[in-house]
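Below you'll find the structure, written out as structure tokens, and then a few comments.
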Amino acid sequence: MKRGIFAAARKAGCLRGDKRRTPSAIVCASLAFFIMAIIADGTNGQSESPAVPSQWQTHAERTAYRETPRYAETVAFSQRLDQASDWILFTSFGESGEGRALPLLIVDKDGAFTPEAARRAGKAVVLIQACIHAGESDGKDAGLALLRDIAITKTRAALADRVVLLFIPIYNVDGHERFGPYNRINQNGPAEMGWRATSAGLNLNRDYIKADAPETRAWLRLWNRWQPDLFIDCHTTDGADFRYNVTYQFEQHENAPPATRRWMQDVFEQRVVPAAEAAGNLLSPYVVLHDDLDPSKGVDAFISTPRFATGYVPLARNHPALLIETHMLKPYRSRVRGTYDLLRFMLEEVNRDPESLRRAARESDEEAASWGKSYDPQRKVALEVRATDEATPIVFKGVAYRRELSEVSGTLRVIYGTEPLDMRIPFYNRARTSLAVAPPLCYIVPPQWRQVAELLIVHGVRFSRLAEPATLEVESYRFRNVKWASASFEGRVLVSFDAEPITERRTFPAGSIVVPLAQPAARLIMHLLEPAAPDSLVRWGFFNAIFEQKEDGEEYVLEALARRMMDADPKLKAEFEDLLIKDKNFAADPRARLRFFYQRSPYWDAQLNVYPVARVVSSANLRLVDGP
């Protein structure tokens, strides 16, 4: 590659001593940049952006990929793209916690820049996101170069022929400006970068369901407006060392819509991956070692849930999503160019047949919306899958390593070398459904749970309200074995439990929220409101008060109550005495012994540990008014 670049420079008359030609300033600047980048990085094989005038080089390119730009410079470059091209609109889709604008670039050759225009033109809408973890800036620099190549140099102009492209160069803008050289201990460049979490300490890539951050709520408004057909999230890994410069992941188990899975397998795996490798990259599914201390034990497939960006989009919003994870230890140029190549070839495939993507998204939406039209207890929707111990043998392109006892940590440590090492190892890529639930016709949420109503609105879920009180038989859950997490996670104390289905007659007040399943957001609704779902609102702590006992009895009162109850019910007395013999812990706990009677008395709170949200599975004549 180097030899070819120098030959091109000589042919263009850019090398000293060549008086036969008058060189083009643009060509010479571009060739000089390529030579500088290759010498500085020492990597070969990956594609370069062709014919880039010096004034249009990105900050990363100008510094031979030693640096990434700050927020202000990124915005300035984005504004220049807008000003120089009728194909690009630079705008904002919201504000961060600190008040910074969340930048968005829209690329549309027709200059319409609206979802309505995109749909009328039959174009696919693709949303690309970078810097959700602001220290992982590869996608930002790759995306800025790609948009320039589409709209300024037009060397990749065809990528916008049948696609409207939405690009978020920096999502976590506040974390991005906590800029410094010590933010990513595992990462090989750039020299300085942003911070993982927001200024409020929230990891945006764990916030898609609970939506605590203003950035997340702005993102959800953007999604609800545009309903992108494809979503791509750009990251950099942590973890082991290996030879792949780019890894990837997408949901491909039963909890994702069949049409979405098929499209990603047919288009991304079968066509995009080979094209990116032919461009000089080495790709692998996202690498999670089965044993952190021994790569030879195999690799686990990553299984997402809706708290993650690329879990939320397919599992809750039905549409295809791709996670790009470049390898942290590769030089920054290799990572940026690898991201560029994957974005480029993905957009090429979408442009080749945008209707196949739109059809996959549309079929997945229609499938979800069909569930609420009738109730079928045999029709189960997978809300969670878990890995099995089944594996597929693969050849893993790793590096030599050894293990030795560490005098620092006192345990084994892995020391990676530089020599290539190919290992035949198991890839644990099979999963089995661990939670499947029959979709009801609708859910009813009592009106006092206002935070839930607000979140439904943020997610774009359609619902109505009861115009008058209604009494009906419903399904719900009673919780047992309730346990609180020992520490806060993402600003919340999570709860675990066993959920026991119950059927009972309930009266709901006027204003109660009625959430029909006959809408494309049906998967999202079930992830929010089915308590056993992995990222349900119950698990995230939105209903914590239902687990708290509010009334109690003094011991001397309960003593008297217990004696009266045993005198009146010999079977209860026998049950109590039998438990004393069988359960030594119970027998040794005075409070538990008294609680035995309190729980069986009419004084016990019948609503404790009972889920206030109800499932309606049979037609009901409800008088409704439009929400919210």
Next item on the list: Within region 600-628, count every residue that is surrounded by fewer than 16 Cβ atoms within 10 Å (Cβ to Cβ) and without any contact (Cβ under 8 Å) to a residue 40 or more places away in the chain.
Entry: 4
Next item on the list: Go over the candidates 130, 134, 200, 118 one by one and state the one that is farther than 30 Å from residue 492 by Cβ and of a type in the set (A, V, I, L, M).
Entry: 118
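For residue 525, are the conditions met, namely being free of Cβ contacts under 8 Å to residues at least 60 places away in the same chain and of a type in the set (A, V, I, L, M)? Write out each step before concluding.
Working: free of Cβ contacts under 8 Å to residues at least 60 places away in the same chain: no; of a type in the set (A, V, I, L, M): yes.
When the stated conditions are applied, residue 525 does not pass them.
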Note to self: For region 73-117, give me the residue count where each residue is hydrophobic (A, V, I, L, M, F, W, C) and over 15 Å from residue 223 (Cα atoms).
What the structure shows: 13
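Evaluate the following for residue 372: is it over 30 Å from residue 122 (Cβ atoms) and modelled with pLDDT of 95 or more?
Values: over 30 Å from residue 122 (Cβ atoms): no; modelled with pLDDT of 95 or more: yes.
Criteria not met by residue 372.
Condition first: farther than 24 Å from residue 338 by Cβ, at pLDDT 95 or above and not assigned by TED's automatic domain parsing to the domain that holds residue 108. Can you find one or more residues in region 55-68 that meet it? Please lay out each step first, then the result.
Going residue by residue through region 55-68, those that are farther than 24 Å from residue 338 by Cβ are 55.
Filter once more, keeping what is at pLDDT 95 or above: 55.
From what's left, not assigned by TED's automatic domain parsing to the domain that holds residue 108: 55.
Yes, region 55-68 contains a residue that is farther than 24 Å from residue 338 by Cβ, at pLDDT 95 or above and not assigned by TED's automatic domain parsing to the domain that holds residue 108.
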Next item on the list: Tell me which residues, restricted to region 501-541, are within 12 Å of residue 616 (Cα to Cα) and assigned to a loop (DSSP other than H, G, I, E, B).
Entry: 517
Check: Under 6 Å by Cβ, and 6 or more places apart or on different chains, what pairs join a residue from region 556-574 that is under 11 Å from residue 596 (Cβ atoms) with one that is in a helix (DSSP H, G or I) and of a type outside the set (A, V, I, L, M, F, W, C)?
Finding: 558/598; 566/573
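Among the strands (runs of 3 or more DSSP E) contained in region 438-498, which hold 1 or more residues that are within 28 Å of the chain's Cα centre (by Cα)?
Details: elements: 442-445, 464-466, 470-484.
Hits in region 438-498: 442-445, 470-484.
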Checklist line | From 307, 335, 352, 344, residue being among the basic types (Lys, Arg) and under 28 Å from residue 413 (Cα atoms) | finding: 335
Notebook entry, point to check: Got at least one residue in region 100-117 being farther than 30 Å from residue 359 by Cα, touching an Asp or Glu at 6+ places or on another chain (Cβ under 8 Å), in the same structural domain as residue 242 (by TED's automatic domain parsing) and outside any strand (DSSP E or B)?
Noted result: yes
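Looking at residue 489, is it in contact with a strand residue (DSSP E or B) (Cβ under 8 Å, 6 or more places away or on another chain) and aromatic (Phe, Trp, Tyr)?
Working: in contact with a strand residue (DSSP E or B) (Cβ under 8 Å, 6 or more places away or on another chain): no; aromatic (Phe, Trp, Tyr): yes.
It is false that residue 489 is in contact with a strand residue (DSSP E or B) (Cβ under 8 Å, 6 or more places away or on another chain) and aromatic (Phe, Trp, Tyr).
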Check: Is there any pair linking a residue in region 169-197 that is at positive phi and buried (at least 18 other Cβ atoms within 10 Å of the Cβ) to one that is outside any strand (DSSP E or B) and hydrophobic (A, V, I, L, M, F, W, C), with Cβ under 8 Å and at least six apart or on different chains, and which?
Finding: none
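In region 500-518, what residues are surrounded by fewer than 19 Cβ atoms within 10 Å (Cβ to Cβ) and in contact with a strand residue (DSSP E or B) (Cβ under 8 Å, 6 or more places away or on another chain)?
Narrowing region 500-518 to residues surrounded by fewer than 19 Cβ atoms within 10 Å (Cβ to Cβ): 500-507, 509-511, 518.
The answer is 500, 501, 502, 503, 504, 505, 506, 507, 509, 510, 511.
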Note to self: Show the residue pairs meeting these rules: Cβ distance below 7 Å; 6+ apart or different chains; first residue within region 373-395 and not assigned by TED's automatic domain parsing to the domain that holds residue 517; second residue exposed (fewer than 14 other Cβ atoms within 10 Å of the Cβ).
What the structure shows: 375/618; 385/432; 386/432; 388/432; 393/424; 395/422; 395/424
Check: Restricting the first residue to region 71-100 and requiring it to be surrounded by fewer than 17 Cβ atoms within 10 Å (Cβ to Cβ), which pairs with a second residue that is at pLDDT below 95 and not basic (Lys, Arg) meet a Cβ separation below 6 Å and a spacing of at least six or different chains?
Finding: 86/111
Checklist line | helices (runs of 4 or more DSSP H) wholly inside region 542-628 that include at least 1 residues being closer than 29 Å to residue 494 by Cα | finding: 584-587, 590-599
Note to self: Pull out all pairs, ordered by first then second residue, where Cβ-Cβ is under 8 Å, the residues are six or more apart or on different chains, the first lies in region 419-435 and is more than 14 Å from residue 398 (Cβ to Cβ), and the second is among the hydroxyl-bearing types (Ser, Thr, Tyr) and not in a strand (DSSP E or B).
What the structure shows: 428/388; 430/388; 431/388; 432/388
Item checked: Check on residue 399, β-branched (Val, Ile, Thr), assigned to a loop (DSSP other than H, G, I, E, B) and surrounded by 12 or more Cβ atoms within 10 Å (Cβ to Cβ) -> no
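The values are calculated or read from the model by the stated rules, or taken from the named source; none is laboratory data. What you see is a predicted model, and the numbers here were worked out from it, not measured in a lab. Cβ: placed from backbone, ideal geometry, glycine included. Neighbour counts: every protein chain shown.
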